Amino acid sequence: MPMPNAMTNAFGKVTARLDSWSSEAVAVTGVSGTRALLGFVGLMYYVGQYRERNYLFGPNGVLPHEEFTAQLNGFSVYALSGSTAFFQVVYHLGIAVALAVMLGVGGRPGLALHWVLLWSVYQRQPGLLDGGDNLAYVVIPFLLLTRCYDRFTLPTGLAARLAERVPGRLRAVSVPLHNLGVLMVAAQICLVYVVSGLYKVMGEEWQDGTALFYIMRVAEFELPGWSHLVYENDVLVVLGTYGTVAFLVYFPMGVLVPALRPWAAAVSICFHLSIAFFMGLTGFALTMIACDLVFLSGALDRAVLWARAHLPGGRTPRAEPTEPAAAAPRGGRSGTKSAAPEAELV
């Protein structure tokens with residue numbers, strides 16, 4: 001007995017979606033932006049503490065090497081030796097690797113090394129962390145599955161030469177693995193928002209609309225000359241408190257709707273820029289924004305194409321021949337293809 005037309009159509013849509021996810025890489029520009037921004041966050045951390053690096057992270061600093069290794073729960077490269085020379089080499093290597101990740105040099109091995117070194121320096125002085133480190137720990141391994149070096153990279157050509165040596169069957173697997181990595185990054189950022197929102201809902205200050213008043217009066221989070229403009233205004237305090245909870249809880253619902261997805265991501269970016277400005281949590285804010293970029297991949301594609309066509313010195317993109325799905329990803333190239341912007345997630 002033949003299946004009803006409705007069931008046949010639904011089955012056809014499901015199989016078409018599965019075929020698309022196994023043959024077309026999604027959000028390539030978005031995850032490339034995520035990789036570049038996470039590299040910048042790491043570089044900013046290293047450079048921001050550079051003058052005080054010996055005091056903060058050195059073997060003879062505020063936390064001596066013996067005490068550090070005794071209380072360490074986990075792994076850190078800095079625990080391998082108490083030598084000052086060893087510390088200097090590892091710290092400066094971290095700077096170089098973070099810069100390489102930001103510029104798109106080194107590929108996945110460089111990104112994996114960045115994760116190890118960043119984990120290590122965070123473990124060396126956890127008192128400086130602002131919360132963005134936890135998300136970076138989780139997201140960077142997901143990025144290793146993706147083609148996050150396809151965009152915003154220096155044109156070295158090394159990745160393309162190495163990709164030519166990869167067997168065709170392995171290259172074919174790269175697309176579904178990439179899409180899996182993108183999905184894991186998106187799911188992780190949605191989980192962060194929902195858990196944070198539900199946790200706030202249980203707080204009394206968040207329920208009565210006064211939480212923002214108390215947060216912005218904490219000395220370490222207060223921005224002199226600006227914070228009082230918010231916490232002295234009852235309307236802004238109530239709207240900010242309830243608006244924060246509503247945004248965090250309902251963000252995943254917004255990104256599930258393709259038409260709302262870029263708007264939800266844009267609101268999230270503005271939200272975290274305000275956190276960076278008013279509370280000084282710059283590393284945390286930029287890490288969250290980096291993950292939001294996976295929802296803005298299509299918008300980033302259109303922005304790059306517009307810039308190439310209209311900015312001085314730019315060039316109008318040429319049409320490129322369509323490549324087979326199993327072809328090797330073109331590493332070492334910056335920018336985006338001139339084809340129509342890709343689907344962001346679904």
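The values are calculated or read from the model by the stated rules, or taken from the named source; none is laboratory data. Nothing here was measured: the structure is a model prediction, and the numbers come from that model. When we count neighbours, we look across all protein chains shown, and the Cβ atoms used for this are built from the backbone with ideal geometry, even at glycine. Ligands, DNA and RNA are excluded from the accessible area calculation, which covers all protein heavy atoms including side chains. Shrake-Rupley method; radii C 1.70, N 1.55, O 1.52, S 1.80 Å.
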Seminar exercise, completed: Accessible-area order for 292, 130, largest to smallest, probe 1.4 angstrom, reads 130, 292
Exercise. So, by mean Cβ neighbours within 10 angstrom, what's the order for 67-77, 32-42 with the highest one leading?
Worked result: 32-42, 67-77
Problem set entry | Exposure ranking of 216, 202, 44 by accessible area [1.4 Å probe, largest first] | 202, 44, 216
For this session: Round to a whole angstrom and tell me the spacing of the C-alpha centers of the range 56-123 and the range 212-287.
Result: 32
Problem set entry | Heavy atoms of residue 206 accessible to a 1.4 Å probe, total area in Å² rounded to 10 | 50
Exercise. Among 270, 291, what's the order by accessible area (1.4 angstrom probe), most exposed first?
Worked result: 270, 291
For this session: Evaluate the charge dipole of the range 183-254 about its Cα centre and quote only its size in Debye, nearest 20, assuming +1 on the Cβ of each Lys and Arg and -1 on the Cβ of each Asp and Glu.
Result: 280
For this session: Excluding residue 141 itself, calculate the net charge of residues whose Cβ lies under 13 Å from the Cβ of residue 141, where each Lys or Arg counts +1 and each Asp or Glu counts -1.
Result: +2
Seminar exercise, completed: Given 25 °C, 0.890 mPa s and a Kirkwood radius over Cα pairs, the Stokes-Einstein diffusion coefficient of the range 267-310 in µm²/s is 215
Exercise. When you count, for each residue, the other Cβ atoms within 10 Å and take the mean per peptide, how do 118-126, 225-233 rank with the highest first?
Worked result: 118-126, 225-233
